[in-house]
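A short write-up of the structure that comes next.
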Amino acid sequence: MVKTVDNSVLDAALNDIKTKCTLMTACAGQPLSFTAANSGGANYLAGVAMAATDFTVGNGVTSGRKVAVASKSGITVTTTGTGDHIALLDTVGGVLLYVTTAIALGLTSGSTLTLGAWNIEIADPV
């Protein structure tokens, strides 16, 4: 039996991130809560404001659908540590929307950071 899913179903999840994400943060370790990933939280190192225009929903690289997250530069690092996770937050609703790993990078308070473009992909069922 073949499994299928309409693009609109996958897009609904990706559009939730696109429309609700207001902050992207670099974190030291995996944040387990909104508070830990948000400014002043236990894992927070740096953050940058996000808007719906920073996200583009489209066809997945492998299959399914993806949301492309725009690159951000000139992000001020506020806490020294090793950034190894990126978090997307809904600061209006107080929700930790998405967390992913990143290449570990030593960050120093007062320096600036660039986060390159990346994708969140939901594959077609198999």
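Key figures
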| item | result |
| --- | --- |
| Relative packing of 52-65, 81-94, which averages over residues the other C-beta atoms within 10 Å, highest first | 81-94, 52-65 |
| Distance between modelled label sites at S8 and Q30, nm, 7 Å Cα→Cβ extension | 3.5 nm |
| Volume per residue that the Cα convex hull of segment 48-98 spans, once the total is divided by residue count, Å³ | 125 Å³ |
| Relative contact order (percent, whole number), segment 7-122, Cα cutoff 8 Å, 6+ residue spacing | 31 percent |
| Length released on extending from T78 to T91, taking residue separation times 0.36 nm less the Cα-Cα span | 2.9 nm |
| Alpha-carbon Rg with Dmax, taken over the chain, Å | 15.3, 56 |
| Protection-proxy order for peptides 21-31, 68-78, 108-118, each taking the mean of Cβ atoms within 10 Å per residue, highest first | 21-31, 68-78, 108-118 |
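Bear in mind that the values in this text are calculations on the coordinates, not laboratory data. In this text the structure is predicted, and so the values were computed from the model without any measurement. In this analysis, Cβ positions are derived from the backbone assuming ideal geometry, glycine residues included, and neighbour counts consider all displayed protein chains.
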